[in-house]
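J.: Before I ask anything, let me first share the structure, which is written out below as structure tokens.
Only the coordinates and a few stated rules stand behind these numbers; no lab work does. Because the structure is a prediction, the values reported are computed rather than measured. As a convention, Cβ positions derive from the backbone with ideal geometry for all residues, glycine included, and neighbour counts pool all protein chains shown.
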Amino acid sequence: MRLTFVLLLATLPAASTGHEALLPALNSIVAEDVLRHERYLASPELEGRDTPKHGLELAAEYIAKELKSYGLQPGGKDGSYFQPFDLEVTVPDDACALTVGKSDSTAEDHACKLNDDFVPIWGSAESEVNADVVFAGYGITATDERYDDYAGKKVSGKVVLVLTHEPREGKKGQAFKGPEVTEFSSLLSKAKNAYEHGAVGLLAVTDPKNHESKGPIDYQFPSMESPHPRPEQQVPIPMMSVSLAIAEKILGQPIAPLQEKLDSSMKGRLVQSKDRDVTMKVAFRKETAHPRNVVAVYPGSDPAHEDEAVVLGAHYDHVGVNDKGQIYFGADDNASGTSGLLEVAQALATTKPTSRRQIDIVWFAGEEKGLLGSAAYVKDPVVSIAKTVAMLNVDMIGRMEPNEVCAISRTKSRELYEHAERLAANPAINFKLKSMGEEFFKRSDQYNFYKGGVPVLFFFGGKEHEDYHKPTDTVDKIDTKKVARTARLLLLLALDVANDNTPPERPKPE
């Protein structure tokens, strides 16, 4: 590949030769816009952007709205910005039921509504029970911390109603491990403890003193079996999350005062439901969900290359919420790449630089579940994979060394790497390009393109930082200037490849 390289001057507004037409595009990529995208994409509202959850759909709609505001052409076959693909998921079956009964046989039972009043907990056994209910605090037995909600109490044959999270949540002190949640907050841990004490079912209600949500936990479904399947050794009792109103109907009294007493005394207290029992039935079924890639097109200008394209990509999903209720915000993984790619999209759309080949820009769903979105795209691309001359991917570009960026696949696409290395030295970017992290090559979306014979380059942080796949991957730790600089590098490289007469050499199948 014979790529043209021209060095920009150190001061962006004072261009001289070669790339001066790109200065408006480069100047339009700014850290302030990166931060705006990050704040939404990694916000609690999006609940970790898990595939195929509601938070992921909110992120897709946000990206599409931004693209429309830029005036970029949609890449979906239906004229939208979306490319849906099929995914088998698990959801609660309509046979799921929760009924609150009374000992007075003349009184009518209260049938609860699935999703509104209750939802099964991921990991529940598929079974049915009818039993009396006891309130068992937080449902925790923590011997080392001298705390036990079941101390001296019997719950054998009962359904236990427990609070989510832990006593004195968020407060510093001796209980448990201070403000950070522990394994005792896990719903499966609470259910296992209930089962070991003889309980036949578990109902969980969000603790009202520390959390505003009054409904059942709504982030669990639809859910994929992989990579977080229901445990093979699941707790063999039915488990449900219930709304605060239903919990208080079952118990016959307000929950908040009971929680206040628990938090102040740090002593577990069982409370028997007054003249009420419950019937619980849990069942699951398979169905097909339709998560969506988001696709935009920047048209090429040269009829001689009208059937060729460069693809730019980033995955916009993350791993969601764990069963302790902790959100995995994914600010670096990969709101950073998503934000950087949005900046490239707006630079192309608003400044309209020359691109002889088409540039297809794709935000992939399902990367965290096995590169699913990119696999779907490769099967049904905007421009055929045989005519896709390169794929450039960005993933986790907001952390690590501020003046370095890693480019993976030097050994597989040397021409792309060496040209990126020259562009990185451009004063508009001023990066040291490093070749490392080859062990991650098969773990991001460019790999599916590489398997299809497309030259690829993968911009990445270089290694997994201490917040990788943890709730602590948050916006405050993102180097937005680095994201913007990486986006500038991506833009320059994409345009150079799109405008070059000779595309990079295609890799040989492994």
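J.: Hey, how much of the P(r) for the stretch 91-286 falls beyond 21 Å, as a percent of Cα pairs?
T.: Cα-Cα pairs in the stretch 91-286 separated by more than 21 Å: 48 percent.
J.: Can you tell me the order of 113-120, 293-300 when each peptide is scored by its average per-residue count of other Cβ atoms within 10 angstrom, highest first?
T.: 293-300, 113-120
J.: Further question on the same structure: I'd like the Karplus ³J(HN,Hα) series for the stretch 363-374: coefficients 6.51, -1.76, 1.60, θ = phi - 60°, whole numbers in Hz, and an x wherever there's a Gly or Pro.
T.: 9, 8, 8, x, 4, 5, 9, x, 6, 6, x, 5
J.: Let me ask something else. What value, in deg cm²/dmol to 500, does the helix sum -39500 (n - 2.57) over DSSP H runs of n ≥ 4 give at 222 nm once divided by the residues of the chain?
T.: Result for the chain, helices only: -7000 deg cm²/dmol.
J.: What order, most packed first, do the peptides 392-401, 274-283, 76-85 have when packing is the mean number of other Cβ atoms within 10 Å of each residue?
T.: 392-401, 274-283, 76-85
J.: Can I ask one more? Tell me the label only: which of (1) -0.52, -0.94, -1.09; (2) -0.57, -0.89, -0.99; (3) -0.51, -1.00, -1.20 is log10 I(q)/I(0) by the Debye sum over Cα atoms at q = 0.08, 0.11, 0.12 Å⁻¹ as calculated from this structure?
T.: Only one listed value fits the structure, namely (2).
J.: Could you run the Karplus curve 6.51 cos²θ - 1.76 cosθ + 1.60 with θ = phi - 60° over the stretch 58-75 and give me ³J(HN,Hα) per residue in whole Hz, x for Gly and Pro?
T.: Values per residue, Gly and Pro as x: 4, 5, 4, 5, 5, 4, 5, 4, 4, 4, 5, 5, 6, x, 7, 5, x, x Hz.
J.: Using Cα-only point scatterers and the Debye equation, what is log10 of I(q)/I(0) for the stretch 85-200 at each q in 0.21, 0.22 Å⁻¹, rounded to two decimals?
T.: With no solvent term, the Cα-only Debye profile gives -1.23, -1.29.
J.: Going highest first, how would you order 427-435, 264-272 by mean Cβ packing within 10 Å?
T.: 427-435, 264-272
J.: Right, another one. May I ask you to sort Ile255, Ile478, Ile63 by Cβ crowding, counting other Cβ atoms within 10 Å and putting the fewest first?
T.: Ile255, Ile478, Ile63
J.: Next question. Tilt of helix 414-424 relative to the longest C-alpha principal axis of the chain, in degrees (0 to 90, nearest 10)?
T.: 90
J.: Moving to a separate point now. Restricted to Cα positions, what overall size does the stretch 51-132 have along the principal axes? Three whole-Å values, descending.
T.: Sorted largest first, the three principal extents are 65, 24, 19 Å.
J.: Using the Karplus equation 6.51 cos²θ - 1.76 cosθ + 1.60 (θ = phi - 60°), what ³J(HN,Hα) coupling, rounded to whole Hz, does each residue of the stretch 153-158 give in order, writing x for Gly and Pro?
T.: Coupling constants for the stretch 153-158: 10, 10, 10, 4, x, 9 Hz.
J.: Mean shadow of the stretch 417-484, computed from the convex hull of its alpha carbons, in nm²?
T.: 5.7
J.: Here's another thing I want to ask about it. Below 13 angstrom from the Cβ of Thr486, what's the summed charge of the other residues (Lys, Arg +1; Asp, Glu -1)?
T.: +1
J.: Given a cut-off of 15 Å, what percent of all Cα-Cα pairs of the stretch 300-392 lie beyond it?
T.: In whole percent, the share of Cα-Cα pairs in the stretch 300-392 beyond 15 Å is 66.
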